[in-house]
Every structure is written in structure tokens, then in C-alpha cells.
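Okay, structure first, notes after.
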Amino acid sequence: MTRFLIAGASLMLLTPNACEKDEPPRWRYTCGAPVCMGPTVKPGVTLCTGQVAFGRCEAIGTTCDPQDHCDRLLMCSVEDPGLVNCPDVP
């Protein structure tokens with residue numbers, strides 16, 4: 001059983017990430033607040049002006065504030081930023 005788990009984990013690590021090579025950059029949501037209570041002011045972050053989730057974008061790493069109810073930002077990325085580096089919810 002252990003051999004199968006190790007083989008499966010190795011296969012996952014060696015498989016290239018299709019998102020990085022095939023997907024164009026898109027606007028994706030970042031992590032939001034643990035409890036959705038409405039948007040808050042985020043100094044230094046511009047408000048979104050026409051950017052929509054999953055729409056194409058050009059400058060990877062750029063963010064904007066869509067004034068989301070769950071306080072998320074939109075980030076131009078090839079991977080989903082809402083799945084990595086999110087704080088643990090108690």
C-alpha cells in the first residue's frame with residue numbers, strides 16, 4: 001500500500017502544471033475574509049474598472065478590488081491564488 005502512495009505522489013510531483021503552459025492569465029479571486037461581511041477599504045489597491053473574474057488579463061501579479069462581499073481581490077494569474085497561501089479558518 002505504501003508503495004502505491006509513494007508512486008502516486010511522485011507522479012503528481014513530476015507531472016507538469018498544465019495551467020502554467022496552456023492557460024492564458026486570467027483575473028482570479030484571492031482569499032477573502034473568513035466570514036463574508038462586506039468589502040473593506042484596502043489602502044494602495046485600486047478599484048476594479050471592468051475587470052471580471054476569469055476574464056483575460058495581461059500583467060500577471062496585478063490586483064484590483066472588485067468591492068466583493070467576501071472582501072476578495074482579483075489577481076491576474078495563471079494559477080488560482082485563492083487555493084494557495086490562504087489563512088487557516090478555525
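Quick note: the coordinates plus some simple rules give every number you see, no bench work behind them. Please read all numbers here as calculations on a predicted model, not as lab measurements. Glycine gets a Cβ as well: all are built from the backbone with ideal geometry, and neighbour counts include every protein chain shown.
Equivalent-ellipsoid semi-axes (√(5λ), Cα gyration tensor) for the range 22-82, whole Å, largest first?
Values: eigenvalues 79, 30, 16 Å².
Semi-axis lengths for the range 22-82 are 20, 12, 9 Å.
Panel order for VAL78, VAL52, by other beta carbons found within 10 Å of each beta carbon, from fewest to most: VAL52, VAL78.
Phi angles of the range 51-62 translate, via the Karplus equation with coefficients 6.51, -1.76, 1.60 and θ = phi - 60°, into HN-Hα couplings of 5, 10, 4, 6, x, 5, 9, 10, 8, 4, x, 5 Hz per residue; Gly and Pro are given as x.
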